[in-house]
Structure formats: structure tokens, C-alpha cells
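Here's the structure, in C-alpha cells; my notes come after.
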Amino acid sequence: MFVGINEKDMEKRFSKLLNEINSSPAKKAAFQKNPLKVLTSAGIPLVLNFPTAVTVGAPAPAPGAVKKSKLTKNAKGVTAAGNISVTTHWWGIKIVTDEQFTTDIVDGITDAKKIAAALAGPLAAAAGVSAAVAGPIAAAVALVFVIKIAQIKLTDWNHTGVYWPLTWLQIFMLAASLPLGPTGLAGSAAVFVHPIPN
């Protein structure tokens, strides 16, 4: 997916780093203070944009072929709240909404407040940021989900839900945008938070 990068090696490096961060309060504090410095010192390259190659127009699954499942916590480190999950990767985090949650956003059943509430805890856990940082970022990302309903409709052509990648550099930029307040933070998030088909 990333040209010129051995992703298996990056996942190994990141897994080792994550274990160190989770086992040491001092290392966790250092990561929360400056994740970019910690990542680069571990030999993990910073990625500004997530590469995507999406084939649009492929045939959609037959009605009823896609199962609507409720995501749960599993052994692979996925933390889920309802139908939204956040996984941690060497390049950043991946926010996944299944088809039911995605449809509820599009239909206005799930509003930004519900999305933010479902996202804040998993985001804090996956991104290694404090609740004081995760809460406003979750609210901004949730607002972007609601703002981008038309983009979600175009992206969810296969009716399996969507995912929203955020690189570590993008998360750092969002954290740096906190002083701009909710509107400024949501504006910053809208620049690089985009849905991709599951």
C-alpha cells in the first residue's frame, strides 16, 4: 500500500514501541507530548496522506448479502463502541464504521453527538492521547462524518460501511489545532478526514 516501505517491518517496530509506551508511564507521557519525535526515533516514517486506490462502480452486493454486524472488542486490539471501531497501525489509526452505523449517519439517526461519544474512548486508547485531547478530536471528527454525508453515499457503493484513516501526523496536526476551538478543529479535520470503502 505504501510504496517503498516494508509494512511488516513497520508493524513490528510499532508493536514493540506500543508495548514500551504501554508499559512505561514516562514513555506514554513522552508519546502524548510529542508523538512525532517518539515515532521517528523508533525508525517509523511519518505519513501525511493515506494512499488510496478505490475502484468505483464495481457491482454492489445483492440485497441482504451484506451482514450488519455489531463490532466488539477482540484480541487483535480493536476497541469498539457500538458499530464503530478504532485500530492502531504504524502509520496512524483506522476508524471503521460498519454498514449499519454508516447508514445511520447518512439517514440522520446517528448524530455527531452520538458519534463523538462512541469514538472518544476508543480514539484515546488507540491513539495514545489523553481524554482532554481525544474528546475534542472525536467531536471534530464526528462533525466531519455528518458534514460529509454526500461523500459517504458515494464512497459506500458496496454497502459494507466505510473507514476513515488518520495518520499520526494528521492526529498531531489536529491536536495542534485545539486552540482554534470546535469550529477551527472541525475545519482542520475536514481537510484530511475522508471515507474509504470497507
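Could you tell me whether any residue of segment 154-172 is over 30 Å from ILE44 (Cβ atoms), surrounded by fewer than 22 Cβ atoms within 10 Å (Cβ to Cβ) and among the acidic types (Asp, Glu)?
As a first pass, look at segment 154-172 and keep what is over 30 Å from ILE44 (Cβ atoms): 154, 156-159.
Narrowing further to those that are surrounded by fewer than 22 Cβ atoms within 10 Å (Cβ to Cβ): 154, 157-159.
From what's left, among the acidic types (Asp, Glu): none.
No.
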**Message:** I'm told TRP157 meets every condition in (1) touching a strand residue (DSSP E or B) at 6+ places or on another chain (Cβ under 9 Å); (2) under 26 Å from ASN34 (Cα atoms); (3) at pLDDT 85 or above except one. Can you identify the failing condition by its number?
**Reply:** (2)
**Request:** For ALA117, state whether it is modelled with pLDDT of 90 or more and either at negative phi or part of a loop (DSSP other than H, G, I, E, B) (or both).
**Result:** no
**Message:** Of all residues being at pLDDT 85 or above, not in a loop (DSSP other than H, G, I, E, B) and not hydroxyl-bearing (Ser, Thr, Tyr) in segment 30-51, which is nearest to TRP168 (Cα to Cα)? Just the residue, please.
**Reply:** LEU39
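Is there a residue in segment 105-113 that is surrounded by fewer than 23 Cβ atoms within 10 Å (Cβ to Cβ), farther than 24 Å from ALA176 by Cβ and in contact (Cβ under 8 Å) with a residue 40 or more places away in the chain? Walk me through how you get there before you give the answer.
Here is the first cut: in segment 105-113, the residues surrounded by fewer than 23 Cβ atoms within 10 Å (Cβ to Cβ) are 106-109, 111-113.
Filter once more, so that each one left must be farther than 24 Å from ALA176 by Cβ: 106-109, 111, 113.
After this cut, where a residue has to be in contact (Cβ under 8 Å) with a residue 40 or more places away in the chain as well, the list is 106.
Yes - at least one qualifying residue is present in segment 105-113.
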**Message:** I need a count of the residues in segment 153-177 that are farther than 11 Å from ASN198 by Cα, outside any helix (DSSP H, G or I) and hydrophobic (A, V, I, L, M, F, W, C).
**Reply:** 1
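The values are calculated or read from the model by the stated rules, or taken from the named source; none is laboratory data. What you are looking at is a predicted structure, and each value in this text was computed from that prediction instead of being measured. Cβ coordinates were reconstructed from backbone atoms using ideal geometry, including for glycine residues, and neighbour counts include every protein chain displayed.
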